[in-house]
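Have a look at the structure below, then the notes.
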Amino acid sequence: MKIEAVVTDLDGTIADDGRVDDKNRAVLDRLFDRGIPVIVSTTRMRYSASHIMNGTKVFRHPAICLNGGMIIGEDWDKPCDVWFQKSLDMEIARAITEFTDDKGYELTTIYDEKKYWRQSRADRLGKHFENPTAVLVKNNSDALEAGEPASFMIHRDGNGLQALLEIEEFVHDNFSSRVTLHRHHRDEKFLALTVYPSGINKGSALEMLSKRADIDLDQVLAIGDDHVDVPMFEIVGKGVAMKNSPEEVKAKAHDIAPTCTESGFAWCMEKYVL
């Protein structure tokens with residue numbers, strides 16, 4: 001098959017620890033020289049995604065952020081045209097923040113351009129806390145003064161595995177039909193939990209984007225490393241998982257690329273596109 005467009009996850013796929021290596025950057029340039037669009041599809045907000053991809057040409061094409069909760073147009077290295085956006089219902093948001101406040105858990109409350117952290121998270125990070133998108137609050141519920149959030153993220157770091165499991169159970173038992181729950185991994189390790197509005201995922205967002213941008217999904221290659229990327233694999237012509245993906249993710253892909261640290265993105269592009 002001929003690949004007409006590439007859709008890539010960021011963390012663990014084309015970027016390692018927030019950095020795109022020289023080999024992957026060189027391959028990106030070659031893709032754009034061939035006229036092949038590269039569309040970013042990430043759980044991150046626009047700002048942090050654009051910071052990672054700074055110096056590349058991906059901003060010429062639309063992107064998927066917040067795991068599909070937001071689709072943005074071209075020139076997204078700065079605030080840009082929003083094609084689609086969906087937020088959590090305030091009733092659900094209040095219940096989750098109250099539950100996590102009662103437990104003393106650290107919740108990241110995410111909006112389109114800002115995220116809210118409990119002060120305790122910043123205290124733990126100490127001198128490393130420098131984030132232009134983060135606003136500190138005493139309690140998780142204080143973040144809701146900004147309105148309906150796009151999503152919540154709960155990190156294992158600072159909370160522990162038991163906290164992730166308890167929050168997952170609480171949300172599932174009370175709001176399973178009204179939210180989408182996603183686990184995030186590094187290899188097989190459960191690192192974080194995210195809560196999105198019902199129906200939000202990278203696959204449904206890619207379908208919407210493809211219709212507006214007139215992209216034939218049968219001619220698309222999607223590459224990723226976690227469960228959140230599987231909905232993309234299911235609707236494109238070629239889905240490739242990184243070797244550092246959980247086994248369940250690799251089982252859903254058409255092929256397996258080397259790990260992110262081995263420039264698996266570049267390997268995949270060389271094999272299937274260039």
Take region 23-54 and flag every residue that is in a loop (DSSP other than H, G, I, E, B), within 21 Å of SER151 (Cα to Cα) and free of Cβ contacts under 8 Å to residues at least 60 places away in the same chain.
THR42, ARG44
When every residue in region 102-128 that is modelled with pLDDT of 90 or more and part of a helix (DSSP H, G or I) is compared, the one surrounded by the fewest Cβ atoms within 10 Å (Cβ to Cβ) is ASP102
Just a yes or no: is a residue in region 19-38 at pLDDT 95 or above, buried (at least 22 other Cβ atoms within 10 Å of the Cβ) and touching a Leu at 6+ places or on another chain (Cβ under 6 Å)?
yes
Reported set for region 200-236 where residues are free of Cβ contacts under 8 Å to residues at least 60 places away in the same chain and assigned to a loop (DSSP other than H, G, I, E, B) is ASP214, GLU234, ILE235
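Got a number for residues in region 210-228 being touching a Phe, Trp or Tyr at 6+ places or on another chain (Cβ under 7 Å) and surrounded by 20 or more Cβ atoms within 10 Å (Cβ to Cβ)? Working first, answer last.
The initial filter retains those residues of region 210-228 that are touching a Phe, Trp or Tyr at 6+ places or on another chain (Cβ under 7 Å), namely 212, 221-223.
Checking the rest, the ones that are also surrounded by 20 or more Cβ atoms within 10 Å (Cβ to Cβ) come to 221-223.
Here the count works out to 3.
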Taking the criterion of being outside any helix (DSSP H, G or I), surrounded by fewer than 22 Cβ atoms within 10 Å (Cβ to Cβ) and in contact (Cβ under 8 Å) with a residue 24 or more places away in the chain, would at least one residue in region 252-268 satisfy it?
no
All but one of (1) farther than 15 Å from THR194 by Cβ; (2) at pLDDT below 95 hold for ARG94; which doesn't?
(2)
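State all residues of region 237-251 that are part of a strand (DSSP E or B) and either basic (Lys, Arg) or within 15 Å of ALA15 (Cβ to Cβ) (or both); if no residue qualifies, say none. Give the steps one after another, and end with the answer.
First pass over region 237-251, keeping only residues part of a strand (DSSP E or B): 238-242.
Answer for region 237-251, where residues must be part of a strand (DSSP E or B) and either basic (Lys, Arg) or within 15 Å of ALA15 (Cβ to Cβ) (or both): LYS238, MET242.
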Residue selected from region 52-95 under the condition over 18 Å from VAL7 (Cβ atoms) and of a type in the set (Gly, Ala, Ser), by the criterion surrounded by the most Cβ atoms within 10 Å (Cβ to Cβ)
ALA93
Of everything in region 55-101, what is among the acidic types (Asp, Glu), part of a helix (DSSP H, G or I) and in contact (Cβ under 8 Å) with a residue 12 or more places away in the chain? Give them in sequence order.
GLU98, ASP101
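The values are calculated or read from the model by the stated rules, or taken from the named source; none is laboratory data. None of the values given here were measured: they were computed from a predicted structure. Because the Cβ atoms are built from the backbone with ideal geometry, glycine has one as well, and the counts that use them run over all protein chains shown.
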